[in-house]
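For reference, the structure discussed in these notes is given below.
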Amino acid sequence: MIETDAVVVGAGPVGLFQVFQLGLLEIRTQVVDSLPYPGGQCIELYPDKPIYDIPGVPCCTGRQLVANLLRQLEPFAPTIHLNQLVSAVEKQADGRFLLATSSGQQFLTKTIIIAAGVGGFQARRLNLEGLDRFDGSSLFYRVEQAASFAGKNVVIVGGDDTALQWASHFAVAGPDKAKSVTLIHRRDVFQATPERVAKIHALRDAGALRLMVGQVTGFEAKNEQQSDKLTAAVVTDVDGQLQTVRLDALMVFFGLSPKLGPIASWGLDMERKQLRVDTEKFSTNVSGIFAVGDINTYPGKKKLILSGFHESALAAYAAAEIVFPDRKTLLQYTTTSPRLHQLLGVGG
Ligand code: FAD
């Protein structure tokens, strides 16, 4: 059980900036995210695409923005609990909240700031009866250790940037090169950048990978060392013919779908899957629970990163009223405040 002043639910760009704003007000914070890394949509959906509308930053990629946000909050060294979903929130008799994650971590906190964006991202799955039991052994929805697929027969299903990127990665010479790579997509048109598509076609022409148009409609498996492993994907091609493709690893990249998940059951006012907030404190209908970034809604809301940054500054001041009820929190400038310099570890 961790006792803290604030828990930020979601480590997307807005959640990360929220931590910085809370830190400036000396509010101790813990962060939780269901993804294995911080950055939310910026990292999950467009890490290498340029963003042009961050104030004062003419251009940066999603990845660069997140790296800078992480650097900015370093002075406050918050613990970021990754790979776990905040699943339950319960108000306690003393006004604090008991919060539990899917990994069993518990927090007792004075305030909660929900920065959960469009919800927790979950991979869209290949729905074949009985397939789920191979998850992590020979069926993968994300690549965590590319080197573990070196020298294997890899079958990749999907037609987006991620599918093509991994197909190229395992097909080209290098430490992670697979024994064979087959890329299966239901159409012969991909939803990926022209450069990635060109690379895939070049690799196919060079014999480094096989392209198949069709859908995986079945599988074959065997029991090895007391665990079941996939040995083949059964593909129905465009002519309706069944083809068997031998494999050691089946990777499925059908994109990610955000799931609002447990937040919907926390008794908060919602409007079309978003949390209703006021625009003075960005508080939900439950005192002590705030919502910032893409997850909230109010008249005139624009789902932009800069809107979330503004919201998190005001939510931090409102949270300070709860965390320090006997203290008046005054506005201070980072440029001139000796106290803020001390907190940030800068200046004399
Ligand atoms: P998110 O980035 O969605 O992060 C929320 C985080 O919360 C996620 O990491 C999620 O895993 C986590 N989470 C959710 N529920 C839970 C839970 N119960 N427990 C634990 N963790 C949870 N905006 C701009 O301003 N400029 C642009 O140029 C721009 N370009 C974009 C391009 C694309 C392709 C897309 C898709 C969006 C773009 N946006 C842009 C929008 C911008 O990415 C979002 O406004 C921004 O990511 C919102 O940040 P957030 O932190 O509120 O939410």
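The values are calculated or read from the model by the stated rules, or taken from the named source; none is laboratory data. Values in this document were obtained by computation on a predicted structure and should not be read as measured data. Don't worry about glycine lacking a Cβ; one is built from the backbone with ideal geometry, like all the others, and counts go over all protein chains shown. Please note that ligands, DNA and RNA were not included when accessible areas were found on the heavy atoms of the full protein model with its side chains. Shrake-Rupley method; radii C 1.70, N 1.55, O 1.52, S 1.80 Å.
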- Query: If only one of ASP278, ASP326 is under 22 Å from THR4 (Cβ atoms), open to solvent by 40 Å² or more (accessible area, probe 1.4 Å) and of a type outside the set (Lys, Arg), which one is it?
  - Reply: ASP326
- Note on the structure: In the range 285-297, residues that are over 19 Å from the mean Cα position of the chain (by Cα) and either part of a helix (DSSP H, G or I) or within 14 Å of the ligand (Cβ to nearest atom) (or both) total 3
- Message: Out of the residues in the range 24-48 meeting the condition of being open to solvent by 30 Å² or more (accessible area, probe 1.4 Å) and among the hydrophobic types (A, V, I, L, M, F, W, C), tell me which one is farthest from the ligand (Cβ to nearest atom).
- Response: ILE43
- Task: Would you check which residues across the range 162-205 are open to solvent by 40 Å² or more (accessible area, probe 1.4 Å), in contact (Cβ under 8 Å) with a residue 12 or more places away in the chain and acidic (Asp, Glu) and list them?
- Result: ASP188
- How many of the residues making up the range 236-255 are aliphatic (A, V, I, L, M) and open to solvent by 40 Å² or more (accessible area, probe 1.4 Å)? 2
- From ALA291, ALA313, which residue is in contact with a strand residue (DSSP E or B) (Cβ under 8 Å, 6 or more places away or on another chain) and under 15 Å from VAL8 (Cα atoms)? ALA291
- Quick check, is VAL118 open to solvent by 20 Å² or more (accessible area, probe 1.4 Å) and closer than 24 Å to HIS310 by Cβ? yes
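Among the helices (runs of 4 or more DSSP H) lying completely within the range 1-87, list those that include at least 2 residues that are small (Gly, Ala, Ser) and in the same structural domain as GLN105 (by TED's automatic domain parsing).
Here the list reads 13-24, 62-72.
Applying the selection to the range 49-69, what residues are in contact (Cβ under 8 Å) with a residue 12 or more places away in the chain, under 21 Å from VAL292 (Cβ atoms) and surrounded by fewer than 16 Cβ atoms within 10 Å (Cβ to Cβ)?
ASP53, PRO55 - these are the residues of the range 49-69 that are in contact (Cβ under 8 Å) with a residue 12 or more places away in the chain, under 21 Å from VAL292 (Cβ atoms) and surrounded by fewer than 16 Cβ atoms within 10 Å (Cβ to Cβ).
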- Message: Quick test for you: out of ALA291, ALA264, pick the one residue that is closer than 27 Å to TYR46 by Cα and modelled with pLDDT of 95 or more.
- Response: ALA291
